[in-house]
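*Asks:* Submitted below is the structure of interest, expressed as structure tokens.
The values are calculated or read from the model by the stated rules, or taken from the named source; none is laboratory data. The shown structure was predicted, so the numbers you read here are calculated from the model rather than taken from an experiment. Glycine also receives a Cβ, built like all others from the backbone with ideal geometry; neighbour counts cover every protein chain displayed.
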Amino acid sequence: MKTLTHLDRLEAESLHIIREVAAECENPVMLYSVGKDSAVMLHLAMKAFYPSRPPFPLMHVDTTWKFREMIEFRDRKAKELGFDLLVHVNEEGVRDGVGPFSHGSAVHTDVMKTQGLKQALNKYKFDAAFGGARRDEEKSRAKERIFSFRSAEHRWDPKRQRPEPWNVYNTRINQGESVRVFPLSNWTELDIWQYIRRENIEIVPLYFAAPRPVVNWNGVDIMVDDDRMPEELAKTAVTKSVRFRTLGCYPLTGAVESTAATLEDIIQEMLLTTTSERQGRVIDADQSGSMEKKKQEGYF
Amino acid sequence: MRLNDDLIESDIAAYLEKHEHKSLLRFITCGSVDDGKSTLIGRLLYDAKMIFEDQLASLESDSKKVGTQGENIDFALLVDGLTAEREQGITIDVAYRFFATDKRKFIVADTPGHEQYTRNMATGASTADVAILMVDARKGILTQTRRHSFITTLLGIRKVVLAINKMDLVGYSQQAYDDIVDDFYAFADELATDLEIQPIPMSALEGVNITSKSNETDWYDGPSLMDYLETVPVGDRRLNTPFRMPVQWVNRPNLDFRGFSGQIAAGSLQPGDRVKSMPSGKQSTVQRIVTATGDLDQAVAGQSVTITLDDEIDCSRGDVLVSADDPSEVSDQFQARILWMSETPLLPGRRYLLKMGAKTVTATVNAPKYGIDVNTLNDVPAKTLELNQIGVTTLSLDQPVPYDPYDVNREMGGFILIDRMTNDTVGLGLVDFALRRASNIHWQAMDIDRSALAEQKGQKPAVLWFTGLSGSGKSTIANALQKLLFAQGKHTFTLDGDNVRHGLNRDLGFTDADRVENIRRVANVARLMSDAGLITLVSFISPFRSERQMARNLMADGEFIEVYVDTPLSVAEDRDVKGLYKKARAGEIKNFTGIDSPYEPPQAAELRIDTVNNSPEEAAEVILDFMREKGLLNGG
């Protein structure tokens, strides 16, 4: 008799979750961040409904500061897989000229990402939104439900979470409320990489090491991706062999020096490394418990 | 250190090959902070190298700030997540942790141990294969150990590690260990006959018998905790039971393909197998097992697949495909164990949504037969169930569903209850068995049916449901309306709250649960009267929206007319015809609607009557007009 491996079981659980949303929610959407976790989630969505197409669109909240390679990848991938792709930009933020260099990471992330996401969810009246978050990423995620209920104001109340026994999910909501659904809740970073390797899933090349121009900003190496970087900072650029462990806004995403150019190299580096994944992200670093606060305010 | 560093460095491809074929074990840790549960998990993560340098740095600084271990690392801080919890030093919710060794990947449900978190523990236990019960070697088997063992076995866990921790504080005494083990065995007989128990002496703080056997306990010849977790068979009890798959989604990309998608809950399946679709019982043969990476020769419990059948049988979401040789049963009445998970107590007689597998139905939960004291495991009398209470009760569903007893299959016998107004998940249920009554009592088909009875009276039946505060004028208006109807030759009857409480409902009080039952009975009587062709006027405070909805659902379409007698509390209290408000204000009457018991105004009543600006006679005319418009006063 066939025994299921841990990846088989994780995959089966995710397919079940994704199908449950499609069957019970009226207007779901899959939030696509273009990162490796999103790539896995997209792959799982294709599998869940085969030979049908996934019955929901993709949505990307574009802060306008993403790496250019991410945007190219996003557009090509959505087209290849035949998804409707909705791109939302917080136009008020653009009008006010909000960006990480001028306003700092906290304001930029709040306006362009958190507010942008709320705007988009309100605009399209989505009642369910898939996200690629994993419980191993951060302590407050470890307690979040797979079906995470949000008030009409998009707030998460950790004290009012619905019990979630077995694989029986309560998807019912009142008018205006919504659920965020995390099909990758039980995956770890290593599971993600192993699955990408097993299933041959294409990811943005920025994950692989290559010579790239970087500058040191606030103690972190960031890549010079366009000419919006302040000139005096851009002048200090040096070329290093670097890669990225997570992808986001290029000024807020720390590069790590690396020569890992293949998936095996990356996994090897990850297993031998001693620094956890989110450290390259500037938004978590300000204070302990900061992610929990952001989530209560509506950050994904 | 468990991960094989050498292989990672020398041959990553070989390493990955090996690691792709690891199995997965889910376990739950039960115990309070004092027992060293968080320390144990922190230690496991640390020893499995799942703590990275930056986390370690913040752990070290946190340990000094708020830790309980002096200058040493406080492993407990690694797993106590939410800010509030850190401040209070307790784990409030279920937190999931992940780690892997060379042999297995582990998912740990870390749950709080206090009685007020029973629901969290049950949630964590519902998906676990193994439970680790933490016991403090100095204290032995406590009430909470009994509670934890009961809850985990209730939810179906049959493999238990009795983790006797803090052995360092009793000098690693074999006698202390043996005494506790004996105590537990004596008690475990009451839990389940097929329980497999592995006691392990340990010290999470000192790392003794956690990842490897330690010299301190040379008298102990069992495995270390990690050895046990890495080798215990991942019990797929589910594999050896008959095939079951709840249909989640009908996969219909075009006219040529019709598949049924779902996750297999039990057994295995091959093309050519005979299956039945339940509850219809229609049979067919499995044609293909479709996945995105190609058709399968076989699929097993746990897999998410899409199945196509040889015949076009009727099968939709919520139905269950089962082995034709060994099908599941179908019923609409069950006895079940229920764990209540909401701050609002169970209202026996109220209708809740019940979700089991992919099926959601409406269920009436009857008054518990008895409750179970989670500390003593004794039966206790229970009229309702409060938060974290467990009881045995019966349920009636509005349609039959396929099921297996929970102890045979978790997915086929486990359900949640959802409140229809708040949409909260309020209960967790485990099906024990079906009540045979469902299939034995058939509705008596009558030759003279309800339309014949109405026709004989030359009228159309209707139920006029007057709701409003005490003293709002419900009965007065109903009385006036009845006179008008009588004058038109209509056959009517009035059910009045006070009168019914003297007879049919004289055993009921005014608690929320009794109010629900009061309305349930009255609604059924009204239904019988409308079946008899009468126009029935029901005059009851009926303060809860969901009970009025229940009454509405009971009546035929268009026959239920909700009349909201909208009198402000201050006006009703001023009138105080029966002097009841005065008594309620004086505290002589408890649970008085509007004073210390809520009234939920209708949101979509057919009629709203303003009694401040209208006399009862005018109100009656308004209602009569409405009935005329709706054609309810025409001949039958």
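*Asks:* Which numbered condition in (1) over 28 Å from the mean Cα position of the chain (by Cα); (2) farther than 28 Å from B:LEU162 by Cβ; (3) modelled with pLDDT of 95 or more; (4) not β-branched (Val, Ile, Thr) is the only one that B:PRO246 fails?
*Replies:* (1)
*Asks:* Would you please name the residue that is farthest from the other protein chains (Cβ to nearest Cβ), looking only at residues in the range A:166-192 that are among the acidic types (Asp, Glu) and touching a residue at least 60 places away in the same chain (Cβ under 8 Å)? I'd like the intermediate steps shown before the answer.
*Replies:* Narrowing the range A:166-192 to residues among the acidic types (Asp, Glu): A:177, A:189, A:191.
Narrowing further to those that are touching a residue at least 60 places away in the same chain (Cβ under 8 Å): A:189, A:191.
Numbers: A:GLU189: 9, A:ASP191: 7 Å.
Of everything passing the filter in the range A:166-192, A:GLU189 is farthest from the other protein chains (Cβ to nearest Cβ).
*Asks:* Next question, about the same structure. Could you grab me the full set of residues in the range A:1-27 that are among the aliphatic types (A, V, I, L, M) and either part of a helix (DSSP H, G or I) or more than 8 Å from chain B (Cβ to nearest Cβ) (or both)?
*Replies:* A:LEU7, A:LEU10, A:ALA12, A:LEU15, A:ILE17, A:ILE18, A:VAL21, A:ALA22, A:ALA23 - these are the residues of the range A:1-27 that are among the aliphatic types (A, V, I, L, M) and either part of a helix (DSSP H, G or I) or more than 8 Å from chain B (Cβ to nearest Cβ) (or both).
*Asks:* State whether one or more residues within the range A:193-200 are more than 14 Å from chain B (Cβ to nearest Cβ) and either among the hydroxyl-bearing types (Ser, Thr, Tyr) or outside any loop (DSSP other than H, G, I, E, B) (or both).
*Replies:* no
*Asks:* Please specify each residue of the range B:264-280 satisfying the condition of being part of a strand (DSSP E or B), farther than 13 Å from B:SER316 by Cα and within 31 Å of the chain's Cα centre (by Cα).
*Replies:* The first filter runs over the range B:264-280 and keeps only residues part of a strand (DSSP E or B), leaving B:266, B:268-269, B:274-278.
Okay, now just the ones that are also farther than 13 Å from B:SER316 by Cα, so B:266, B:268-269, B:274-275.
Passing the criteria: B:ALA266, B:SER268, B:LEU269, B:VAL275.
*Asks:* Out of B:LEU239, B:LEU255, report the one residue that is more than 8 Å from chain A (Cβ to nearest Cβ) and among the hydrophobic types (A, V, I, L, M, F, W, C).
*Replies:* Matching residue, one of B:LEU239, B:LEU255: B:LEU255.
*Asks:* Which condition does B:GLN399 not pass, out of (1) polar (S, T, N, Q); (2) away from chain A (no Cβ under 11 Å); (3) within 13 Å of the chain's Cα centre (by Cα), if it passes all the others?
*Replies:* (3)
*Asks:* What number of residues within the range A:212-238 are surrounded by fewer than 17 Cβ atoms within 10 Å (Cβ to Cβ) and either farther than 29 Å from A:ILE192 by Cα or under 21 Å from the mean Cα position of the chain (by Cα) (or both)?
*Replies:* Going through the range A:212-238 one residue at a time, the tally reaches 14.
*Asks:* Is one or more of the residues making up the range B:116-124 under 24 Å from the mean Cα position of the chain (by Cα), of a type in the set (A, V, I, L, M, F, W, C) and more than 30 Å from B:ASP6 (Cα to Cα)? So that I can check it myself, show each step before the final result.
*Replies:* Keep residues of the range B:116-124 that are under 24 Å from the mean Cα position of the chain (by Cα), which gives B:116-124.
Then drop every residue that is not of a type in the set (A, V, I, L, M, F, W, C), which leaves B:121-122.
Then drop every residue that is not more than 30 Å from B:ASP6 (Cα to Cα), which leaves B:121-122.
Yes.
*Asks:* Which residue out of A:LYS77, A:LYS123 is within 19 Å of the chain's Cα centre (by Cα) and surrounded by fewer than 21 Cβ atoms within 10 Å (Cβ to Cβ)? Steps first, answer last, please.
*Replies:* Working: A:LYS123 fails: within 19 Å of the chain's Cα centre (by Cα).
When all the criteria are applied, what remains is A:LYS77.
*Asks:* Starting from residues that are in a loop (DSSP other than H, G, I, E, B) and over 19 Å from B:THR152 (Cβ atoms), keep the ones in the range B:26-57 and report whichever is modelled with the highest pLDDT.
*Replies:* Going through the qualifying residues, I end up with B:ALA48.
*Asks:* Quick test for you: out of B:GLY468, B:GLY391, B:GLY429, B:GLY414, pick the one residue that is buried (at least 21 other Cβ atoms within 10 Å of the Cβ), under 27 Å from B:ASN518 (Cβ atoms), modelled with pLDDT of 90 or more and within 14 Å of chain A (Cβ to nearest Cβ).
*Replies:* After applying the criteria, what remains is B:GLY429.
*Asks:* Being aromatic (Phe, Trp, Tyr), under 23 Å from B:VAL130 (Cβ atoms), in a loop (DSSP other than H, G, I, E, B) and at pLDDT 90 or above, is that true of even one residue in the range B:177-195?
*Replies:* No, because not a single residue in the range B:177-195 is aromatic (Phe, Trp, Tyr), under 23 Å from B:VAL130 (Cβ atoms), in a loop (DSSP other than H, G, I, E, B) and at pLDDT 90 or above.
*Asks:* Now, a different point. Pairs please, first residue from the range B:298-323 and more than 13 Å from chain A (Cβ to nearest Cβ) and under 14 Å from B:LYS276 (Cα atoms), second anywhere and of a type in the set (Phe, Trp, Tyr) and in a loop (DSSP other than H, G, I, E, B), Cβ atoms under 7 Å, 6+ apart in sequence or on different chains.
*Replies:* B:VAL322/B:PHE243; B:SER323/B:PHE243
*Asks:* Another one. Check every one of the strands (runs of 3 or more DSSP E) wholly within the range B:281-355 and list those with 2 or more residues that are in contact with an Asp or Glu (Cβ under 7 Å, 6 or more places away or on another chain).
*Replies:* Passing ranges, in order: B:282-290, B:329-340.
*Asks:* Determine whether A:VAL34 is assigned to a helix (DSSP H, G or I) and more than 9 Å from every other protein chain (Cβ to nearest Cβ).
*Replies:* In short, no.
*Asks:* Would the range B:141-158 turn up any residue that is more than 27 Å from the chain's Cα centre (by Cα) and either assigned to a strand (DSSP E or B) or over 22 Å from B:GLY391 (Cβ atoms) (or both)? Spell out how you get there, then give the answer.
*Replies:* Filtering the range B:141-158 down to residues more than 27 Å from the chain's Cα centre (by Cα) leaves B:141-142.
Next, only the ones that are either assigned to a strand (DSSP E or B) or over 22 Å from B:GLY391 (Cβ atoms) (or both) stay: B:141-142.
Checked against the condition, which is being more than 27 Å from the chain's Cα centre (by Cα) and either assigned to a strand (DSSP E or B) or over 22 Å from B:GLY391 (Cβ atoms) (or both), the range B:141-158 yields at least one hit.
*Asks:* Moving on to the next point. Among the residues of the range A:114-165, write down those that are of a type in the set (Phe, Trp, Tyr) and more than 12 Å from chain B (Cβ to nearest Cβ). Quick ask: steps written out before the conclusion?
*Replies:* Step one: list which residues in the range A:114-165 are of a type in the set (Phe, Trp, Tyr), which gives A:124, A:126, A:130, A:147, A:149, A:156.
Scanning the range A:114-165 gives A:TYR124, A:PHE126, A:PHE130.
*Asks:* Right, something else. If you go through the range A:140-161, how many residues are over 22 Å from A:TRP193 (Cβ atoms), part of a loop (DSSP other than H, G, I, E, B) and of a type outside the set (Asp, Glu)?
*Replies:* Number of matching residues: 8.
*Asks:* Moving to a separate point now. Quick one: B:VAL234 ticks every box in (1) loosely packed, with under 15 Cβ neighbours inside 10 Å; (2) under 16 Å from A:LYS2 (Cβ atoms); (3) facing chain A (nearest Cβ under 9 Å) except a single one, so which number is it?
*Replies:* Looking at each condition in turn, B:VAL234 falls short on (1).
*Asks:* Report yes if some residue within the range A:100-107 is within 14 Å of chain B (Cβ to nearest Cβ) and of a type outside the set (D, E, K, R); otherwise report no.
*Replies:* Taking every residue of the range A:100-107 in turn, none turns out to be within 14 Å of chain B (Cβ to nearest Cβ) and of a type outside the set (D, E, K, R).
*Asks:* Which condition from (1) within 13 Å of another protein chain (Cβ to nearest Cβ); (2) of a type in the set (Gly, Ala, Ser); (3) closer than 21 Å to B:TYR403 by Cβ is the one that B:SER280 breaks?
*Replies:* If we test B:SER280 against (1) within 13 Å of another protein chain (Cβ to nearest Cβ); (2) of a type in the set (Gly, Ala, Ser); (3) closer than 21 Å to B:TYR403 by Cβ, just (1) comes out false.
*Asks:* Next up: Inside the range B:159-176, can you point out the residues that are hydrophobic (A, V, I, L, M, F, W, C) and not in a helix (DSSP H, G or I)? Break it down stepwise before answering.
*Replies:* Filtering the range B:159-176 for residues hydrophobic (A, V, I, L, M, F, W, C) gives B:160-164, B:167, B:169-170, B:176.
Hits for the range B:159-176 are B:VAL160, B:VAL161, B:LEU162, B:ALA163, B:ILE164.
*Asks:* I need the full set of residues from the range B:88-114 which are surrounded by fewer than 22 Cβ atoms within 10 Å (Cβ to Cβ), modelled with pLDDT under 80 and more than 10 Å from chain A (Cβ to nearest Cβ), in order please.
*Replies:* Result: B:GLN88, B:GLY89, B:ILE90, B:HIS114.
*Asks:* Would you pick out the residues in the range B:433-465 that are modelled with pLDDT of 80 or more and either touching a Leu at 6+ places or on another chain (Cβ under 6 Å) or in a loop (DSSP other than H, G, I, E, B) (or both)?
*Replies:* Correct list: B:LEU435, B:GLN459, B:LYS460, B:PRO461, B:ALA462, B:LEU464.
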